[in-house]
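Beneath this line is the structure, given in structure tokens, with notes to follow.
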Amino acid sequence: MKVQLWAAVLSASCCVAAYGADTYTVDNKHTSATFSFKHLGFSTFHGKFPATSGTIVLDRAQKSGSADITFDIKTVATGVAKFDEHLRGPDFFDGEKFPKATFKASKFTFTG
């Protein structure tokens, strides 16, 4: 009886470990936040903030997750250096006063 109970506990603990939440570290070379906006109604302008650090937690069994990703304002990139400087300035992100931006999510929606 004790052997069966111990085997059941050991088996259950293995299943919990296999189906627990997974934490992923953001790869800052391959992760960015992108944005776009219409420019005077004639064209669409694009830019991005490469991620500097962060984590994403996925719990497939519970169908839940979270994200916490940080971006340096100084890394904003639109392809137009003067515009990047303007975005970093006090008219937009005020990078001197607020050097970092953080994206946080606490609800993931799973389909399928």
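Listed by chain and number, the lysines placed with their C-alpha closer than 30 angstrom to that of Lys97 are Lys29, Lys38, Lys48, Lys74, Lys82, Lys107; residues fewer than eight positions away on the same chain are left out. Divide the volume of the convex hull around the Cα atoms of the range 15-89 by the residue count and you get 116 Å³ per residue. How large, in percent, is the carbon and sulfur part of the accessible surface of the range 48-112 at a probe radius of 1.4 Å? Result for the range 48-112: 56 percent of the exposed heavy-atom area is carbon or sulfur.
For the range 25-89, the solvent-accessible area works out to 63 Å² per residue, with a probe of 1.4 Å and every protein chain left in place.
For the range 61-112, what is the Kirkwood estimate of the hydrodynamic radius, computed as the reciprocal of the mean inverse distance between distinct Cα atoms, to one decimal in Å?
Working: mean 1/r = 0.0765 Å⁻¹.
With all distinct Cα pairs of the range 61-112 included, I get 13.1 Å.
The values are calculated or read from the model by the stated rules, or taken from the named source; none is laboratory data. Quick caveat, the model's predicted, so the values are computed rather than measured. Each accessible area value is taken on the protein alone, full model and side chains, heavy atoms only, with ligands, DNA and RNA left out. Shrake-Rupley method; radii C 1.70, N 1.55, O 1.52, S 1.80 Å.
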